[in-house]
1. Within the group B:251, B:257, which residue is free of Cβ contacts under 8 Å to residues at least 24 places away in the same chain, crowded, with 23+ Cβ neighbours inside 10 Å, in contact with a Gly (Cβ under 9 Å, 6 or more places away or on another chain) and not hydrophobic (A, V, I, L, M, F, W, C)?
2. Can you go through B:149, B:182, B:208 and tell me which one is surrounded by fewer than 23 Cβ atoms within 10 Å (Cβ to Cβ) and of a type in the set (A, V, I, L, M)?
3. So which of B:162, B:179 is under 28 Å from the mean Cα position of the chain (by Cα), part of a strand (DSSP E or B) and either over 17 Å from residue B:127 (Cα atoms) or not hydrophobic (A, V, I, L, M, F, W, C) (or both)?
4. Out of B:86, B:119, B:56, report the one residue that is modelled with pLDDT of 80 or more, open to solvent by less than 50 Å² (accessible area, probe 1.4 Å) and closer than 30 Å to residue B:184 by Cβ.
5. Could you identify the single residue in A:77, A:95 that is open to solvent by 30 Å² or more (accessible area, probe 1.4 Å), in contact (Cβ under 8 Å) with a residue 60 or more places away in the chain, in a helix (DSSP H, G or I) and more than 12 Å from chain B (Cβ to nearest Cβ)?
6. Checking residue A:200 against (1) more than 20 Å from residue A:254 (Cα to Cα); (2) within 14 Å of chain B (Cβ to nearest Cβ); (3) open to solvent by less than 60 Å² (accessible area, probe 1.4 Å); (4) not β-branched (Val, Ile, Thr), which test does it fail?
7. Look at residue B:427 and say whether it is more than 30 Å from residue B:283 (Cβ to Cβ), at pLDDT 85 or above, open to solvent by 40 Å² or more (accessible area, probe 1.4 Å) and away from chain A (no Cβ under 14 Å).
8. How many residues does the range A:158-172 contain that are more than 19 Å from residue A:185 (Cα to Cα) and more than 9 Å from every other protein chain (Cβ to nearest Cβ)?
Amino acid sequence: MGLFRSIASKVRQGLEKTREVFVASVRSLLLGKRLDEGLILQLERRLIEADVGVKTTARWIDSIRADFKAGRIDSGDHVLAYLKGELKRLWPEQDRELASAPRGPTVILVTGVNGAGKTTSIAKLCSALRKGGKSVVLGACDTFRAGAVRQLEVWSERLGVEVVKGQQGGDPAAVAFDACAAARARHADVLILDTAGRLHTQDSLMRQLTKIRSVVAKQIAGGPHEVLLVLDATLGQNALRQAEEFTRAAGVTGIFLAKLDGTAKGGVVVAIKEATNIPVKFIGVGETPDDIQPFDPEAFVEAMFAE
Amino acid sequence: MFDRLSDAFHGLFRTLSGKGAISEANVRGAMGGVRAALLDADVHLNVVDTFTQRVLDDALGMKVVEGVEPGQQIVKIVHDRLVELLGGTPETGGATPGGPALASDHIPRMTPGPTVVMLCGLQGSGKTTTAGKLAAHLKKRGRSVMLAAADLQRPAAVEQLEIVAQHVRDEAPGSARVEFYAEKDRVAEYGKAVNVAVGVCRRAVDQARKLGVDTVVLDTAGRLHVNDALMAELKQVQGLVQPHLVLLVVDAMTGQDALHSAKAFHAALGIDGVILTKFDSDTRGGAALSVKHVTGAPIRFIGTGERLDAIEEFHAPRIAGRILGMGDVVSLVEKAQEQVSQEEAERLNEKLARGQMTMDDFLGQLKTLRRMGPMKQLLGLLPGVGSMLKDVHIEDRQLDKVEGMINSMTKEERRNPAILNMSRKRRIAAGSATRPDEVGQMVRQFEAVSTLARRMSSMSASEKVRAAREMGRQGDAMLPGLRGMPGYASRGSTHTTSVKDRFKKRKR
């Protein structure tokens, strides 16, 4: 869609302060330092503490250590460049764009476990799309959790978009059906479907997700064009299992990494990218609808070394 | 959960149990694997290092006890250290295995009332759902409760709690009162209602006192531990309302950051306990260990599902047992006791012994079993089974099929399955959307089970175990979909003694 590029710089201003902290701490750990075994061990700890996972950390550290011993690198600057390169290779630019339909509404299906931050993330997406001049319809397919529809409604009132809803306790696939019809009838540019939080271990709920997906596919050609998995940045290695199971059930195409404004680093997305090839597309960095950013591997590396 | 962690420990014990004496080198080697497994299970790095160091010290300083295999001694060390890490010594910890019901320990009742419980935590950790579960838990124990909506910033959070309160009122067992308190006109957008919650909480507690409610649960807004303004708000609430219990709600799937957020909440409020949510996921749950380590506060409850009754009291020794693949037979028995009365159990036993079990009894048992929770979760409580189950998909739908088949039988057929001919099987299959051969298979399994049950009723305990194991080996498991479940005593049997002892103690 390209649209997120244009707003990126604006959002970035809001994060200048955070970035300074990141950069400063990267500097203090790596830049200008002579590389030695002590620094490598420190780096290893930081990576593990960022939830990157034992496997990926070991691979990176082994490679850095090998290069160091072979005399190919000898400073912290080299290490930083290596890590940035690794991440950039993991997430090439085109991977991070939001998919869009050639004609008709683009359907974005938003999924995730309970409490991941789906509804808030949808509000953010919606706000960004609206700023880019897109018309948006929301589908409230979370018919299970008490107050979920109301939560989305409050957002829709604040953001001035229409929301299609069904009965509390009703069939979410039916709501998806109605929402598709509404989006088509109103010639909306984008339809965002909110779904109920579900643990990836609940087989019946995962099947329900598959059903929602196939209802959408029948209603709108090529839909859903984007299936976003909202992941809480505080998650540990279990996020990998979530990515696998949600992909199996609904064909996840991208990750919305939410709640990256705390001390959590969300490093598990690295393990996810390696294991499943699912890219991160957006990050959520606050509670207001403007707190959304396109994913930036470079900033991500820097954030990983923040204290 | 904890499955892969169990695997790692199994690995460690396999390495050690083969060796007569324990050398520093082989213990160190094995601990390396355990360290990686703990990290993979999201236990915080610092905690892992402390833990492995302690186990190593204990193991190396260990006096070899005559007649006890060194491997087993290490098992005990790891187990004890794990229990310690989770909160409590093996004998007295958090919950004494043989001790009394724990309701009073987990939410102590204060006089004069009301008892005030404040829930706090990060966004999305599950505070509102947990508030409802706590209310149901208290209601069941005859304690009236008020749910107070102190989350004024998440859209519709107040409505959510109101609906939850209504559910507790209508659906949760018990007859105690359930009140709801909110000030809907004070709801505001994020960041605009800071400190308003303070007044709301105070008035809620005043109201509860007037109404004579036993316990008030304050459902506060989710917040980041680095948001100073919101953390200050919580401190104000605490200062003014003086809650008896400040409980931190933590997502069991949290990674390394669990340590930082728990530390910050603890520093600000001095938390009295932790509730771990989403425990029914397949997380390995290292967060539990990290949080306990930095706060020192006991883990009081775990949330195990979406239903109101999906909350359990936390028992450190039991969870340590799960980690080590020792199973959690005590929890299983408790779950069963909640569902089946003593008389009913005896009546059924009698029938079993005389070989008079009918399909109706079987259906009844199946339904009871399912009320206890998902099959996979139940089987995971059996010693040695947890780690084998991690890749097995047990579909509760298979059980739906069996229920459907029995429901499609006539009364006569249920009493006497021998009369089932092909035409009857076809009818049953059509009625239950199954195939005639599936009906036949189900009936054969039912007969095998009832024969076994009759035989077993005259056996000694050890013969029973052997018979059950034999049955598992034949791959002739009770239900379709559970085919090939290994006999449960075949693994981890060296550790079962302590579980058995605890079990016996309980019975006394």
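1. Details: B:251 fails: free of Cβ contacts under 8 Å to residues at least 24 places away in the same chain.
Going through B:251, B:257 in turn, just one is free of Cβ contacts under 8 Å to residues at least 24 places away in the same chain, crowded, with 23+ Cβ neighbours inside 10 Å, in contact with a Gly (Cβ under 9 Å, 6 or more places away or on another chain) and not hydrophobic (A, V, I, L, M, F, W, C): B:257.
2. Working: B:149 fails: surrounded by fewer than 23 Cβ atoms within 10 Å (Cβ to Cβ); B:208 fails: surrounded by fewer than 23 Cβ atoms within 10 Å (Cβ to Cβ).
None of the others qualify; the one that does is B:182.
3. So the residue among B:162, B:179 that is under 28 Å from the mean Cα position of the chain (by Cα), part of a strand (DSSP E or B) and either over 17 Å from residue B:127 (Cα atoms) or not hydrophobic (A, V, I, L, M, F, W, C) (or both) is B:179.
4. Numbers: B:86 fails: closer than 30 Å to residue B:184 by Cβ; B:56 fails: closer than 30 Å to residue B:184 by Cβ.
Exactly one of B:86, B:119, B:56 is modelled with pLDDT of 80 or more, open to solvent by less than 50 Å² (accessible area, probe 1.4 Å) and closer than 30 Å to residue B:184 by Cβ, namely B:119.
5. Selected residue: A:95, the only one of A:77, A:95 that is open to solvent by 30 Å² or more (accessible area, probe 1.4 Å), in contact (Cβ under 8 Å) with a residue 60 or more places away in the chain, in a helix (DSSP H, G or I) and more than 12 Å from chain B (Cβ to nearest Cβ).
6. (1)
7. Numbers: more than 30 Å from residue B:283 (Cβ to Cβ): yes; at pLDDT 85 or above: yes; open to solvent by 40 Å² or more (accessible area, probe 1.4 Å): yes; away from chain A (no Cβ under 14 Å): yes.
Taking the combined requirement at face value, the residue satisfies it.
8. Start the filter on the range A:158-172 by keeping residues that are more than 19 Å from residue A:185 (Cα to Cα), which leaves A:158-159, A:167-172.
Okay, now just the ones that are also more than 9 Å from every other protein chain (Cβ to nearest Cβ), so A:159, A:167, A:169-172.
Counting residues in the range A:158-172 that are more than 19 Å from residue A:185 (Cα to Cα) and more than 9 Å from every other protein chain (Cβ to nearest Cβ) gives 6.
The values are calculated or read from the model by the stated rules, or taken from the named source; none is laboratory data. As the structure is a prediction and not an experimental result, all values here were calculated from the model. Methodologically, a virtual Cβ is constructed for each residue, glycine included, from the backbone with ideal geometry; neighbour enumeration extends over all protein chains shown. The area values use the complete protein model at the heavy-atom level, side chains included, leaving out ligands, DNA and RNA. Shrake-Rupley method; radii C 1.70, N 1.55, O 1.52, S 1.80 Å.
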